[in-house]
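Working notes, structure below.
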Amino acid sequence: MVRRPVAWVAGIVLFAEAVGIALVNWFMGVVVDRQEMSLAGLDAGMMSVSSKIAGLVFGLYFAICGFVALRVALRDRAPAGLGRILLISAVVVHGLVGAFAVGLVGWGAFAFMMVVFGLIVLIFMAYDREGGTEVSDAVPGDGDGPGPTVTPPAPMAS
């Protein structure tokens, strides 16, 4: 089974990404603060603090998503409730940031975003049948009752 290893890898990658995002934003805040330049009249100190806060918020967000992925790996059950919502939002964020990263940073950043995107989607795909309906190998019509009725599609009106 690849379910648990994928969840482990996704959790570890999300934790590494959390640290990376926090450090990059912190570094950018320090650079802005030391340059003491304004952008369109904005206060340099406020931009520095905003960058640091954004780095901490996004770092915390990705760390929580990593915790959810690791919890999925430990419990070997699909994410549910708030954890599921967090992982879905992380998929959306990685898709959007990956699309923007192509133009702003390059194909390497896009590739990384798509790898993380794929890992999180693979968590959902691997745990898809966990609570789903059972699919039997029985041929329709072999049982006690009548087989399923198949209705032909309606003709298209021109």
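Please verify whether Ala109 is open to solvent by less than 70 Å² (accessible area, probe 1.4 Å), out of contact with any Gly (no Cβ under 6 Å at 6 or more places or on another chain) and either at pLDDT 85 or above or assigned to a loop (DSSP other than H, G, I, E, B) (or both), treating the condition exactly as stated. Yes. Got at least one residue in the range 83-97 being under 30 Å from Ala126 (Cβ atoms) and either over 14 Å from the mean Cα position of the chain (by Cα) or hydroxyl-bearing (Ser, Thr, Tyr) (or both)? Checked against the condition, which is being under 30 Å from Ala126 (Cβ atoms) and either over 14 Å from the mean Cα position of the chain (by Cα) or hydroxyl-bearing (Ser, Thr, Tyr) (or both), the range 83-97 yields at least one hit.
Of everything in the range 20-37, what is of a type in the set (Phe, Trp, Tyr) and over 10 Å from Ser51 (Cα atoms)? Give them in sequence order. Within the range 20-37, none qualify. Candidates in the range 30-60 are the residues that are modelled with pLDDT under 90 and surrounded by 14 or more Cβ atoms within 10 Å (Cβ to Cβ); of these, the one that is farthest from Val72 (Cα to Cα) is Ala44. Restricting attention to the range 68-85, the residues that are assigned to a loop (DSSP other than H, G, I, E, B) and either free of Cβ contacts under 8 Å to residues at least 40 places away in the same chain or open to solvent by less than 20 Å² (accessible area, probe 1.4 Å) (or both) total 3. All conditions but one from (1) in contact (Cβ under 8 Å) with a residue 24 or more places away in the chain; (2) open to solvent by less than 70 Å² (accessible area, probe 1.4 Å) apply to Leu23; the one that does not is (2). The single condition among (1) touching a Leu at 6+ places or on another chain (Cβ under 9 Å); (2) in a helix (DSSP H, G or I) that Val93 does not satisfy is (1).
Screening Cys65 against (1) assigned to a helix (DSSP H, G or I); (2) open to solvent by 20 Å² or more (accessible area, probe 1.4 Å) leaves a single unmet condition, (2). Could we say that Ile88 is within 21 Å of Arg3 (Cα to Cα), open to solvent by less than 100 Å² (accessible area, probe 1.4 Å) and in a helix (DSSP H, G or I) here? When the stated conditions are applied, Ile88 passes them.
The values are calculated or read from the model by the stated rules, or taken from the named source; none is laboratory data. No experiment lies behind these values; they were computed from the predicted model shown. No Cβ is skipped: glycine too gets one built from the backbone with ideal geometry, and neighbour counts run over all protein chains shown. Side chains are part of the model used for accessible areas, which takes the heavy atoms of the whole protein and leaves out ligands, DNA and RNA. Shrake-Rupley method; radii C 1.70, N 1.55, O 1.52, S 1.80 Å.
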